[in-house]
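The values are calculated or read from the model by the stated rules, or taken from the named source; none is laboratory data. What you see is a predicted model; the values in this text were computed from it and never measured. Using ideal geometry, Cβ is built from the backbone for each residue, glycine included, and neighbour counts are taken over all protein chains shown.
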Amino acid sequence: MPLLSDSRKAVRLLRRAFASRSASRELSRTLASRPTIEPGRFKVAVYFADGRVNMYQIRQWYKPLAVLAERWPVLILSRSSTAAAALLEESPLPVAYVRTVVALEETLAEQDIRIVFYVNQNARNFQMFRYGRRWHVFINHGESDKMYMTTNQFKAYDYSLVAGDAALARLGRALWDFDLEKRAIPIGRPQADHFSGELPYTPDERMVVLYAPTWEGDRASAAYGSIASHGVTLVRELLATGRHRVIFRPHPRSGVVDAEYGAAKKTIVSMLAEANRADPGAHHIFDDGPELGWQLSAADVAVVDISAMVYDRLATGKPLMVTRPVDPAATVDSEGYLTACEWLTVDGASGIVGEVERLLHDEETVSRIDYWSRHYFGDPTPGEATRRFHAAVDHLMAEWERSAALHAGDGDTDLARRRVGEHTTHVDDPDDDGD
């Protein structure tokens with residue numbers, strides 16, 4: 001068995017190396033055909049050290065950052081060839097491929113970067129932290145009550161842009177001696193002002209239900225996925241009414257660990273296809289596309305698993321249910337929204353039609369959703385989160401100017417500028433392979 005496991009690992013590594021080399025060759029051709037990045041143009045950067053597999057973390061920031069760029073031009077710094085290739089193809093923002101530390105320093109020396117955004121906690125973020133005279137700002141890729149949201153890594157950043165009161169309370173409980181008032185700035189969820197994607201159907205009298213389950217997880221404590229337990233039943237019940245339109249958006253990793261889970265996903269996809277053949281006007285959707293937003297905005301009701309999708313939907317202020325994990329070892333937050341959410345148990349899945357009606361028309365339920373939406377994200381008025389995001393950036397720019405004036409007599413202490421200016425030979429980090 002160990003030999004078989006080692007062989008599989010070797011095959012995966014070889015495939016990854018081949019894909020990386022292929023991506024690098026294609027990327028070189030793409031970069032050669034593009035104009036060079038204009039020096040001195042950018043004051044804001046987004047540092048993204050991950051590969052293509054985690055592109056979802058930066059994709060959700062495309063539109064908010066594109067709007068911000070109208071005031072403060074934004075440059076994406078990509079360390080991975082696979083991500084850089086995808087970013088150059090789809091990003092609305094300029095992209096610099098900085099595979100090596102030398103390339104990164106050259107780009108920093110050419111630009112006047114004052115704010116660096118980070119959308120995740122990639123270990124290679126630490127390579128960027130070495131450069132001072134700029135604010136390093138964690139903006140994350142979603143809001144939730146997971147342990148990830150209270151990691152002590154928040155202290156590594158100069159500032160963090162957080163969603164709202166729930167995030168402040170969460171950090172206040174978890175982080176000792178952390179200046180929340182200064183270093184955590186609530187902005188709501190700017191993505192909610194820029195939901196992406198076009199509706200793949202024409203709205204009609206049908207009630208739209210979004211079912212967005214997560215994957216099965218790789219350990220019992222994170223076994224939140226509901227496709228195999230709840231999913232087939234609830235989708236079958238909704239399809240049977242002829243009055244509902246189902247949007248099925250499973251996590252892309254669904255079924256990678258558990259074959260039964262993957263089989264249940266295929267069953268649901270087949271059910272949707274059969275229902276559409278029987279009634280072409282139903283327009284049930286199996287959604288595995290890269291854009292996220294239209295689903296959350298268009299659905300009358302959402303049924304989601306414990307994941308970031310809970311909070312993405314909560315930001316809209318619209319009705320949602322959360323599936324109750326069947327594995328008793330699954331960790332469920334005991335302090336946040338999950339203490340007051342609308343749970344859908346595995347036994348309750350067969351009654352989903354009645355549950356949907358209750359969510360839409362029960363005044364107490366509607367009021368509870370509104371309260372928690374504001375607790376997590378603040379004022380849900382369209383455009384308000386974008387205003388707060390821009391105000392936060394303006395504040396950080398003003399703080400940069402204040403600090404720059406305070407240290408005007410310190411000389412050039414910028415590490416990147418001094419190294420490039422002195423033509424100092426720099427040995428790249430041993431793990432700095434870009435992928």
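So which of 228, 220, 212 ends up being closer than 14 Å to residue 320 by Cβ, in contact (Cβ under 8 Å) with a residue 24 or more places away in the chain and either assigned by TED's automatic domain parsing to the domain that holds residue 347 or not β-branched (Val, Ile, Thr) (or both)? Spell out the reasoning first.
Working: 228 fails: closer than 14 Å to residue 320 by Cβ; 220 fails: closer than 14 Å to residue 320 by Cβ.
Among 228, 220, 212, only 212 is closer than 14 Å to residue 320 by Cβ, in contact (Cβ under 8 Å) with a residue 24 or more places away in the chain and either assigned by TED's automatic domain parsing to the domain that holds residue 347 or not β-branched (Val, Ile, Thr) (or both).
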Do any residues in segment 366-378 that are buried (at least 17 other Cβ atoms within 10 Å of the Cβ) have Cβ atoms under 7 Å from those of residues that are among the aromatic types (Phe, Trp, Tyr) and part of a helix (DSSP H, G or I), where the two are at least six apart or on different chains, and which pairs are they? 372/337; 376/311; 376/337
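If you check residue 228 against the conditions, is it under 30 Å from residue 133 (Cβ atoms), crowded, with 17+ Cβ neighbours inside 10 Å, of a type outside the set (Phe, Trp, Tyr) and at pLDDT 95 or above?
Working: under 30 Å from residue 133 (Cβ atoms): no; crowded, with 17+ Cβ neighbours inside 10 Å: yes; of a type outside the set (Phe, Trp, Tyr): yes; at pLDDT 95 or above: yes.
No: the conditions fail for residue 228.
What number of residues in segment 152-179 are assigned to a helix (DSSP H, G or I), within 22 Å of residue 315 (Cα to Cα) and of a type outside the set (Asp, Glu)?
As a first pass, look at segment 152-179 and keep what is assigned to a helix (DSSP H, G or I): 152-156, 165-174.
Filter again for within 22 Å of residue 315 (Cα to Cα), leaving 165-172.
Checking which are of a type outside the set (Asp, Glu) leaves us with 166-172.
Of the residues in that region, 7 qualify.
With the condition being within 24 Å of the chain's Cα centre (by Cα), I'd like the helices (runs of 4 or more DSSP H) fully within segment 293-409 carrying at least 2 qualifying residues. Reasoning before the result, please.
Values: elements: 294-298, 308-314, 352-361, 363-377, 384-406.
Passing ranges, in order: 294-298, 308-314, 363-377, 384-406.
Test residue 176 against the stated conditions and say whether it is surrounded by fewer than 22 Cβ atoms within 10 Å (Cβ to Cβ) and in contact with a strand residue (DSSP E or B) (Cβ under 6 Å, 6 or more places away or on another chain). If you could, list the steps in order and put the result at the bottom.
Working: surrounded by fewer than 22 Cβ atoms within 10 Å (Cβ to Cβ): yes; in contact with a strand residue (DSSP E or B) (Cβ under 6 Å, 6 or more places away or on another chain): no.
Considered against the rule, which asks whether it is surrounded by fewer than 22 Cβ atoms within 10 Å (Cβ to Cβ) and in contact with a strand residue (DSSP E or B) (Cβ under 6 Å, 6 or more places away or on another chain), residue 176 comes out as no.
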Checklist (1) in a helix (DSSP H, G or I); (2) modelled with pLDDT under 95; (3) surrounded by 17 or more Cβ atoms within 10 Å (Cβ to Cβ); (4) within 17 Å of the chain's Cα centre (by Cα) applied to residue 53, failing item: (3)
Among (1) free of Cβ contacts under 8 Å to residues at least 60 places away in the same chain; (2) buried (at least 22 other Cβ atoms within 10 Å of the Cβ); (3) farther than 29 Å from residue 295 by Cα, residue 73 falls short only on (2)
In segment 133-152, how many are at pLDDT below 95 and at negative phi? 11
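Would you check if there is a residue in segment 336-352 being closer than 15 Å to residue 189 by Cβ, surrounded by 13 or more Cβ atoms within 10 Å (Cβ to Cβ) and either in contact with a His (Cβ under 6 Å, 6 or more places away or on another chain) or not assigned by TED's automatic domain parsing to the domain that holds residue 74 (or both)?
Kept after step one, since they are closer than 15 Å to residue 189 by Cβ, are these residues of segment 336-352: 337.
Checking which are surrounded by 13 or more Cβ atoms within 10 Å (Cβ to Cβ) leaves us with 337.
Narrowing the set further to residues that are either in contact with a His (Cβ under 6 Å, 6 or more places away or on another chain) or not assigned by TED's automatic domain parsing to the domain that holds residue 74 (or both) leaves 337.
Yes, because at least one residue in segment 336-352 is closer than 15 Å to residue 189 by Cβ, surrounded by 13 or more Cβ atoms within 10 Å (Cβ to Cβ) and either in contact with a His (Cβ under 6 Å, 6 or more places away or on another chain) or not assigned by TED's automatic domain parsing to the domain that holds residue 74 (or both).
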Check segment 227-238 and report whether any residue there is part of a loop (DSSP other than H, G, I, E, B) and of a type outside the set (S, T, N, Q). no
Selection within segment 265-292 - among the hydrophobic types (A, V, I, L, M, F, W, C) and under 28 Å from residue 60 (Cα atoms): 268, 269, 272, 285, 286, 292
Taking the options 176, 135, name whichever one is farther than 26 Å from residue 295 by Cα, without any contact (Cβ under 8 Å) to a residue 12 or more places away in the chain and not charged (D, E, K, R). 176
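Please verify whether residue 356 is surrounded by 15 or more Cβ atoms within 10 Å (Cβ to Cβ), modelled with pLDDT of 95 or more and over 30 Å from residue 64 (Cα atoms), treating the condition exactly as stated.
Values: surrounded by 15 or more Cβ atoms within 10 Å (Cβ to Cβ): yes; modelled with pLDDT of 95 or more: yes; over 30 Å from residue 64 (Cα atoms): yes.
When the stated conditions are applied, residue 356 passes them.
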Failed item, numbered, when residue 99 is tested on (1) basic (Lys, Arg); (2) part of a helix (DSSP H, G or I); (3) within 18 Å of residue 53 (Cα to Cα): (2)
Do we have any residue at all in segment 267-274 that's in contact (Cβ under 8 Å) with a residue 60 or more places away in the chain, touching a helix residue (DSSP H, G or I) at 6+ places or on another chain (Cβ under 6 Å) and surrounded by fewer than 19 Cβ atoms within 10 Å (Cβ to Cβ)? no
